[in-house]
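Undergrad: Before I ask anything, here is the structure I am working with.
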Amino acid sequence: MHILLIEDQEKLAQNIKTYLEMDHHAVTVAHDGKDGFELAMTQETDLLILDINLPGMDGYMICALLRQSRKNMPILMLTARTKQQEIVHGLNIGADDYLVKPFDLDELGARVRALLRRKSSDRSPVLTSGELTMDTNTREVLRGNRKVDLSPKEFALLEFLLRNKGVAQDRPRIIEHVWGGRDELMFSQTVDVHVAYLRRKIGKSAIETVPGKGYMVPNG
């Protein structure tokens with residue numbers, strides 16, 4: 001899953017990013033409200049974690065503008081404000097949940113998982129292709145009856161391809177969704193190398209190369 005985090009406290013943002021990446025998510029970080037809003041409008045985002053007090057544009061405005069633009073990703077607001085009317089205001093303009101600072105990262109993780117489960121409630125947590133089975137709840141991948149151990153990025157890449165089974169995904173889209181951005185990953189070899197690693201573990205035929213288009217998990 002791709003999570004966008006808009007948080008101006010750099011140390012806190014890095015801690016959240018590291019924690020969520022350990023839970024197999026791709027995370028893009030913005031430290032400025034305007035930059036974050038632009039990313040939310042242009043990137044595919046499964047969940048937005050949004051601080052209220054931001055330079056450039058505050059979280060309330062970002063949330064309201066996203067909902068006006070019919071962006072329906074779940075929004076988890078982070079706030080140092082504890083007044084009930086301020087929290088209610090955030091919920092009324094479209095936030096799905098809130099967390100008051102300071103907070104425990106495990107609590108944040110629980111809120112994130114709950115919102116993502118709600119978003120994905122209409123989709124099966126079990127993904128299949130041929131002899132390959134992935135359970136996104138237990139994070140278990142099987143090739144036939146044999147368990148396959150994947151790194152967090154390998155798991156995220158395979159999940160993305162399985163959820164788009166039968167449709168070729170180009171490298172820029174894979175990089176954006178699995179790695180959460182393009183700044184640090186300007187070379188398409190990054191995707192190629194991870195696909196090669198996956199093929200060694202799940203079988204070469206499990207991921208097809210589509211010339212001129214990218215990679216695809218075939219139907220069936």
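Quick note: the coordinates plus some simple rules give every number you see, no bench work behind them. Note that the coordinates shown come from a computational prediction; the quantities given were computed from them, not determined experimentally. Methodologically, a virtual Cβ is constructed for each residue, glycine included, from the backbone with ideal geometry; neighbour enumeration extends over all protein chains shown.
Undergrad: Could you name the aspartates and glutamates in cross-link range of Lys201, using Cα to Cα under 14 Å and dropping any fewer than eight places away on the same chain?
TA: Those aspartates and glutamates meeting the cut-off are Glu131, Glu140, Asp149, Glu154.
Undergrad: Just the number, please: percent antiparallel of the DSSP beta bridges in the chain, rounded to the nearest 5.
TA: On the way: 15 of 32 bridges.
Within the chain, antiparallel bridges account for around 45 percent of the total.
Undergrad: Next question, about the same structure. Could you compute the FRET efficiency for Thr209 and Asp8, with r as their C-beta to C-beta distance and R0 at 41 Å, rounded to 0.05? Working shown, then result.
TA: Details: r = 41 Å, r/R0 = 1.01.
After rounding, the FRET efficiency stands at 0.50.
Undergrad: Build a GNM of the chain with springs between Cα atoms under 10 Å: which of Arg199, Arg70, Arg113 gets the top mean-square fluctuation?
TA: With Cα springs under 10 Å in the chain, the top fluctuation among Arg199, Arg70, Arg113 is at Arg70.
Undergrad: Which is farthest toward the positive dipole end of the chain among Gly212, Leu76, Leu99, measuring Cα position about the Cα centre, with Cβ charges +1 (Lys, Arg) and -1 (Asp, Glu)?
TA: Gly212
Undergrad: When the Kirkwood hydrodynamic radius is evaluated over all pairs of different C-alpha atoms of the chain, what value in angstrom, to one decimal, is obtained? Let's see the in-between values first.
TA: Numbers: mean 1/r = 0.0546 Å⁻¹.
Result for the chain stands at 18.3 Å.
Undergrad: Then there is this: Relative to the Cα centre, what is the charge dipole magnitude of the chain, using +1 at the beta carbon of each Lys and Arg, -1 at the beta carbon of each Asp and Glu, and rounding to the nearest 20 debye? Please report the intermediate quantities before stating the final value.
TA: On the way: 30 positive and 31 negative charges, 167 e Å.
The calculation lands at about 800 debye.
Undergrad: Would segment 134-175 count as rounded, prolate or oblate if I go by the C-alpha gyration tensor, calling it rounded below 1.5 in a/c and otherwise prolate when a/b exceeds b/c, oblate otherwise? It would help to have the intermediate numbers written out before the result.
TA: Numbers: a/c = 2.40, a/b = 1.78, b/c = 1.35.
In terms of gyration-tensor shape, prolate.
Undergrad: Choose one of Ile49, Thr136, Gly203: the residue whose Cα lies farthest towards the positive end of the charge dipole of the chain (beta-carbon charges +1 Lys, Arg; -1 Asp, Glu; about the Cα centre).
TA: Most positive-ward Cα: Gly203.
Undergrad: May I pose another question? Could you list, bin by bin from short to long, the percent of Cα-Cα pairs of segment 51-106 in 10 Å steps?
TA: Over segment 51-106, the share of Cα pairs per 10 Å bin runs 24, 57, 18, 1 percent.
Undergrad: If one computes the Cα centroid of segment 36-68 and of segment 82-158, what distance in Å separates the two points?
TA: 20
Undergrad: Whole-Hz Karplus ³J(HN,Hα) for segment 97-102, in order, using 6.51 cos²θ - 1.76 cosθ + 1.60 and θ = phi - 60°, x for Gly and Pro?
TA: These are the phi-based 3J(HN,Hα) values: 7, 9, 9, 8, 6, x Hz.
Undergrad: Given q = 0.22 Å⁻¹, what are the Debye log10 I(q)/I(0) values for segment 126-216, with equal point scatterers placed on the Cα positions and solvent ignored?
TA: -1.14
Undergrad: Right, something else. For segment 2-119, what percent of Cα pairs sit more than 24 Å apart? Spell out each step's value before the answer.
TA: Numbers: 985 of 6903 pairs.
Result for the distance tail: 14 percent.
Undergrad: Follow-up question, since we're still on this one. To the nearest 500 deg cm²/dmol, what mean residue ellipticity at 222 nm is calculated for the chain from DSSP H runs of n ≥ 4 alone, each contributing -39,500 (n - 2.57), summed and divided by the residues?
TA: -12000 deg cm²/dmol
Undergrad: For the pair Asp23 and Arg200, how long in nm is the line joining their label points, each one 7 Å along Cα→Cβ?
TA: 3.0
Undergrad: Each residue of segment 50-55 in order: what ³J(HN,Hα) in whole Hz does its phi give by Karplus 6.51 cos²θ - 1.76 cosθ + 1.60, θ = phi - 60°, with x for Gly and Pro?
TA: Once θ is set to phi - 60°, the couplings for segment 50-55 become 10, 6, 7, 8, 10, x Hz.
Undergrad: Sticking with this structure for a sec: Between Gln169, Gln85, Gln14, which gets the highest mean-square fluctuation from a Gaussian network model of the chain, Cα cutoff 10 Å?
TA: Per the Cα network of the chain with a 10 Å cutoff, Gln85 tops the list.
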